[in-house]
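Undergrad: Got a structure for you, written out below as C-alpha cells; questions coming shortly.
The values are calculated or read from the model by the stated rules, or taken from the named source; none is laboratory data. If you're wondering where the values come from, they're calculated on a predicted model, not measured in any experiment. Cβ sites come from the backbone with ideal geometry, for glycine too, and all protein chains shown count toward neighbours.
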Amino acid sequence: MNAGRRHAVILGMGLMGCDIAAIFLAGGWRVTAVEPEAVRWPEAEARVRQSIGQLDGDPAEAVHLALLDDIAAPDYASVEIVIEAVPERLPLKREVFARLDALVPAHVPVVSNASGYRITDIAGHIATRARCANLHFFLPAHIVPGVEVVQGEHTDPAICDTVAAIMDGLDRKVIRVARDVPGFLANRIQHALMREAFAVIDQGLGTAEDVDRAVRYCFGFRYAAAGPITQKELAGLETQLEAGRTIYPSLCNSPDPSPTLARLVAENRLGPKTGRGFRDWPPDVTAKERARYERAMLAAARILRDEP
C-alpha cells in the first residue's frame, strides 16, 4: 500500500502535529506519527481527515497514517524527515532530540516546530546537531501556506536546503531564516505590530474592535495581495521614508508587554479558553467565530494558490 511513497515521521499529534501530517498525506507521502496517549488516536485521525479535506485532498489518504505510541517504534531507516511537534517545553524537546540522535540515521534532517525555543538550544547538546533545524509552521498549519526554515548556530546549510525543497514540493511558501534569533522572522514582524496594537488601546486611541477593523479592512486587507515591502515599492519608497520620519518617534518602543494585556491575563481573561478576553466568548459565539475564521483563511489560501 505504501510502496513508492516518501516517508515522514511526526512526533506529537496535537493540533499542529495533525495538520502537519495532513500536509504530507495530501502531498502523497506516508506518515508515521508518534503519540504516546493512545486514547487520543481516534481524535487525531479525525482531525487529519478533516484537514486533508480542507486542502481539497481525499480524506481517504489518512489510510497512509500509522499511529504508534513509542518514539523508538518507527522505521527510521526509510524516513526522509523527522518533525518534532511535542508540547512547548524545552526539557521535553531536548529529551526527544537526545533520543532521536541515536535512533535516526545521521543524514536525515530532524527538525522542530518550536515557536518559542531556538533549535540551537533544543539540539545543541547532541552529536548530530548539524542535521537539526527549526521548521516553524503557523496555526492552522495546513491552511497557512508559509513555513519558516531556520538555520541554527550548528546547522549545516545543506540541511536547510533539503528541508526547504521538501516543503516547496508540498506547495508550502518557504521563508529562509539565516540566523537563530528569538521569534525567527515572521513573529518578529508580527510582534512589532502587536506591541503597537496594544499600545493604541493602552493610550485610549481606540478599542480592540477599532484595532481589528484597522488591520483587517485597511492595510492588512492588502497583505494577501502583496507583502509590505512590495506595497511600499509600488507606492514609492520615498513616501515610506517621509512617513517613517513623521511617525516613528511616537511609536511604542517599550521593552515590556502592554499593561492592558498584563491586566487581562492577571484577571484570567484569556479569550475563548476562559470565556472572556476584551469581549465575552460564550461557546456558541466561539464556535461561530472559529468557523468564520477558517472559512476566510481557506478562501485566502485558494486565491494565493491559484496565482500564476
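Undergrad: Given the criteria in contact with a helix residue (DSSP H, G or I) (Cβ under 7 Å, 6 or more places away or on another chain), in a helix (DSSP H, G or I), at pLDDT 95 or above and β-branched (Val, Ile, Thr), does Val200 qualify? Quick ask: steps written out before the conclusion?
TA: Details: in contact with a helix residue (DSSP H, G or I) (Cβ under 7 Å, 6 or more places away or on another chain): yes; in a helix (DSSP H, G or I): yes; at pLDDT 95 or above: yes; β-branched (Val, Ile, Thr): yes.
Judged against the criteria, Val200 is a match.
Undergrad: When you look at Arg99, is it part of a loop (DSSP other than H, G, I, E, B), more than 23 Å from the chain's Cα centre (by Cα) and at negative phi, yes or no?
TA: On the way: part of a loop (DSSP other than H, G, I, E, B): no; more than 23 Å from the chain's Cα centre (by Cα): yes; at negative phi: yes.
When the stated conditions are applied, Arg99 does not pass them.
Undergrad: Quick one: which residue in Ile10, Ile83, Ile52, Ile20 is in contact with a Pro (Cβ under 6 Å, 6 or more places away or on another chain) and of a type outside the set (S, T, N, Q)? Please lay out each step first, then the result.
TA: Details: Ile10 fails: in contact with a Pro (Cβ under 6 Å, 6 or more places away or on another chain); Ile83 fails: in contact with a Pro (Cβ under 6 Å, 6 or more places away or on another chain); Ile20 fails: in contact with a Pro (Cβ under 6 Å, 6 or more places away or on another chain).
Result of the check over Ile10, Ile83, Ile52, Ile20: Ile52.
Undergrad: Please go through the range 123-165 and pick out each residue that is in a loop (DSSP other than H, G, I, E, B) and closer than 20 Å to Met13 by Cα. Reasoning before the result, please.
TA: From the range 123-165, those in a loop (DSSP other than H, G, I, E, B) are 124-128, 137-145, 151-156; that's our starting set.
If the condition is that a residue be in a loop (DSSP other than H, G, I, E, B) and closer than 20 Å to Met13 by Cα, then Phe137, Phe138, Leu139, Pro140, Ala141, His142, Ile143, Val144, Pro145 are the ones that fit.
Undergrad: Of the conditions (1) buried (at least 16 other Cβ atoms within 10 Å of the Cβ); (2) of a type outside the set (Lys, Arg); (3) more than 15 Å from Val163 (Cβ to Cβ); (4) touching a residue at least 60 places away in the same chain (Cβ under 8 Å), Pro87 satisfies every one except a single condition; which number is it?
TA: If we test Pro87 against (1) buried (at least 16 other Cβ atoms within 10 Å of the Cβ); (2) of a type outside the set (Lys, Arg); (3) more than 15 Å from Val163 (Cβ to Cβ); (4) touching a residue at least 60 places away in the same chain (Cβ under 8 Å), just (1) comes out false.
Undergrad: Which pairs turn up if I take residues in the range 290-308 that are outside the structural domain of Gly220 (by TED's automatic domain parsing) and look for partners that are of a type in the set (D, E, K, R) and surrounded by 12 or more Cβ atoms within 10 Å (Cβ to Cβ) with beta carbon separation below 9 Å, at least 6 apart in sequence or on another chain?
TA: As it stands, the answer is Leu304/Lys173; Arg305/Asp171, since those pairs meet every condition given.
Undergrad: Please go through the range 33-52 and pick out each residue that is more than 19 Å from Gly169 (Cα to Cα) and either buried (at least 17 other Cβ atoms within 10 Å of the Cβ) or of a type in the set (Phe, Trp, Tyr) (or both).
TA: At the first step, the residues of the range 33-52 found to be more than 19 Å from Gly169 (Cα to Cα) are 33-50.
Listed by number, the residues that qualify are Ala33, Val34, Glu35, Trp41, Ala44, Glu45, Arg47, Val48, Arg49.
Undergrad: I would also like to ask the following. Can you report the number of residues in the range 13-32 which are in contact with an Asp or Glu (Cβ under 8 Å, 6 or more places away or on another chain), buried (at least 24 other Cβ atoms within 10 Å of the Cβ) and not in a helix (DSSP H, G or I)?
TA: 1
Undergrad: Could you tell me which of the residues Val82, Val63 is crowded, with 18+ Cβ neighbours inside 10 Å, assigned by TED's automatic domain parsing to the domain that holds Ala21 and either modelled with pLDDT under 95 or of a type in the set (A, V, I, L, M) (or both)? Walk me through it before giving the result.
TA: On the way: Val63 fails: crowded, with 18+ Cβ neighbours inside 10 Å.
Exactly one of Val82, Val63 is crowded, with 18+ Cβ neighbours inside 10 Å, assigned by TED's automatic domain parsing to the domain that holds Ala21 and either modelled with pLDDT under 95 or of a type in the set (A, V, I, L, M) (or both), namely Val82.
Undergrad: Only one residue in Arg222, Arg216 is surrounded by 12 or more Cβ atoms within 10 Å (Cβ to Cβ) and not hydroxyl-bearing (Ser, Thr, Tyr), so which one is that? Talk me through it step by step, then tell me what you get.
TA: On the way: Arg216 fails: surrounded by 12 or more Cβ atoms within 10 Å (Cβ to Cβ).
Unique residue meeting the criteria: Arg222.
Undergrad: Those residues that are at pLDDT 95 or above and within 24 Å of the chain's Cα centre (by Cα), I need them from the range 118-134; list them, please.
TA: Within the range 118-134, Arg118, Ile119, Thr120, Asp121, Ile122, Ala123, Arg129, Ala130, Arg131, Cys132, Ala133, Asn134 meet the criteria.
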